[in-house]
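What follows is one structure encoded as structure tokens, with my remarks underneath.
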Amino acid sequence: LCVPAVPVLFKQALENTDVEEGKSVSLCCELTKADATVVWKKGEATLQASAKYEMKQKGTVAELVIHNAEPEDA
């Protein structure tokens, strides 16, 4: 029996968020499938976990925390 793969979709997409320079900001999105692989990008560059970028995922919710936000993070 061959079952076609169901694509993972966004139930709740990212929203624009304002943050004061130097503070942390959290960006969240909700997916239709729990524990789906999420890749965070800025333009074409893939973000990697670091002191600046913290990636979290629990069930269907994926979160990116940007620490010490700067104008370049827009």
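The values are calculated or read from the model by the stated rules, or taken from the named source; none is laboratory data. These numbers were taken from a predicted model, which means no experiment stands behind them. Methodologically, a virtual Cβ is constructed for each residue, glycine included, from the backbone with ideal geometry; neighbour enumeration extends over all protein chains shown.
What pairs come up if the first residue lies in the range 25-44 and is closer than 19 Å to residue 65 by Cβ, the second is surrounded by 11 or more Cβ atoms within 10 Å (Cβ to Cβ) and of a type in the set (Asp, Glu), and their beta carbons are under 6 Å apart, counting only those six or more places apart or on different chains?
26/63; 28/63
Scan the range 15-70 for residues that are at pLDDT below 95, part of a strand (DSSP E or B) and either loosely packed, with under 10 Cβ neighbours inside 10 Å or in contact with a Pro (Cβ under 7 Å, 6 or more places away or on another chain) (or both) and jot them down.
Once the filter is applied, which keeps residues that are at pLDDT below 95, part of a strand (DSSP E or B) and either loosely packed, with under 10 Cβ neighbours inside 10 Å or in contact with a Pro (Cβ under 7 Å, 6 or more places away or on another chain) (or both), the range 15-70 yields 41, 45, 58.
Among the listed residues 57, 48, identify the single one that is out of contact with any Ser or Thr (no Cβ under 8 Å at 6 or more places or on another chain) and under 21 Å from residue 8 (Cβ atoms). Can you show your working first?
Working: 48 fails: under 21 Å from residue 8 (Cβ atoms).
Result of the check over 57, 48: 57.
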